[in-house]
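Input: one structure, supplied below.
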Amino acid sequence: MKSFKYAVGFAVYLLIVWGFYRFLFQLPETIEELIIKPVVWLLPVFYLLKKEEEGISSLGVTLKNLFPAVYYSLGLGAFFVMEALVINFVKYDGKFDLRANIGTLPLLTSLGLSFATAISEELAFRGYVFTRIWKFLGSELYSNVVTSLFWALIHVPITIFVWRLDFSATLIYLFLTTLFGMGSAFVYARTKNILSPILLHVLWQWPIILFR
């Protein structure tokens with residue numbers, strides 16, 4: 001029960017604090033992903049682990065099931081790539097526009113930032129929030145849905161204050177974000193290894209920019 005309260009409290013904390021951050025600030029992506037996000041997302045997780053007297057293995061940081069973690073993430077990641085390509089094709093009136101919001105950073109820098117983002121967010125959400133809610137509710141499906149809804153809500157501010165998407169584009173993005181959240185929790189539940197949602201996150205993040 002205590003861990004469940006911590007997990008829900010942490011998710012609410014992220015909704016509020018990260019939402020206000022997106023509203024008030026827009027720092028360079030490298031600073032956000034390498035400094036701000038680890039402080040805001042990960043430090044509270046390690047603090048809560050200390051209160052629970054749990055180790056990082058409870059977040060899925062383990063060498064077990066490495067190969068299944070890779071297989072699951074690659075398999076579901078291929079689905080997300082195809083999904084993003086279809087949406088890009090529809091959005092741009094029957095043709096592909098692969099230039100959409102790729103950004104100006106070098107490829108390897110962008111890829112490194114994607115991994116940094118994935119590590120912070122997946123340790124926080126699938127490693128901490130999902131596992132605690134799942135343990136309390138006892139149902140993988142319900143826990144997955146609850147966690148994924150929190151996950152989608154946290155992404156609302158960036159669509160409004162940073163990307164400034166219109167209403168329909170915001171709804172599509174949030175739908176895809178929820179779908180990814182459910183897929184991420186699914187692969188984590190199969191492997192109990194945080195590597196699977198981290199890899200899936202990177203595979204999802206790159207094609208999803210084709211939709212924006």
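For the pair GLU140/TYR71, report the inter-label distance in nm, with labels modelled 7 Å from Cα in the Cβ direction.
In this crude spin-label approximation the distance works out to 1.5 nm.
Only Lys, Arg, Asp and Glu count, each charged at its Cβ (+1, +1, -1, -1), so figure out the dipole size of region 128-212 about its Cα centre, rounded to 20 debye.
So the magnitude is around 200 debye.
Only Lys, Arg, Asp and Glu count, each charged at its Cβ (+1, +1, -1, -1), so figure out the dipole size of the chain about its Cα centre, rounded to 20 debye. Mind showing how you got there, number by number?
Values: 17 positive and 13 negative charges, 71 e Å.
Value, rounded to 20: 340 debye.
Now for a different question. Karplus couplings for region 54-67 from phi (6.51 cos²θ - 1.76 cosθ + 1.60, θ = phi - 60°), rounded to Hz, Gly and Pro as x?
Computed from phi, the couplings for region 54-67 are 10, x, 5, 5, 6, 9, x, 7, 7, 9, 6, 6, 4, 5 Hz.
On to the next question. Could you tell me the largest-minus-smallest coordinate of the C-alpha atoms of region 2-208 on each of the three principal axes, in descending order and whole angstroms?
The principal-axis extents, from largest down, are 52, 39, 32 Å.
Please report the relative contact order for the chain, taking Cα pairs under 8 Å with a sequence separation of at least 6, and give it as a percent rounded to a whole number.
On the way: 224 pairs, mean separation 81.0, N = 212.
Across the chain, relative contact order equals 38 percent.
Another question, if that's okay. Go through LYS5/LYS192; LYS5/LYS51; LYS5/LYS37; LYS37/LYS64; LYS5/LYS50 and tell me which ones have a Cα-Cα distance over 20 Å in this structure. Don't jump to the answer; show the numbers that get you there.
Values: LYS5/LYS192 22 Å; LYS5/LYS51 12 Å; LYS5/LYS37 22 Å; LYS37/LYS64 27 Å; LYS5/LYS50 15 Å.
LYS5/LYS192; LYS5/LYS37; LYS37/LYS64, as the Cα separations exceed 20 Å there.
Each reported figure results from applying straightforward, stated rules to the coordinates on display, with no laboratory input. The shown structure was predicted, so the numbers you read here are calculated from the model rather than taken from an experiment. Every residue, glycine as well, gets a Cβ built from its backbone with ideal geometry; the counts of neighbours run over all protein chains shown.
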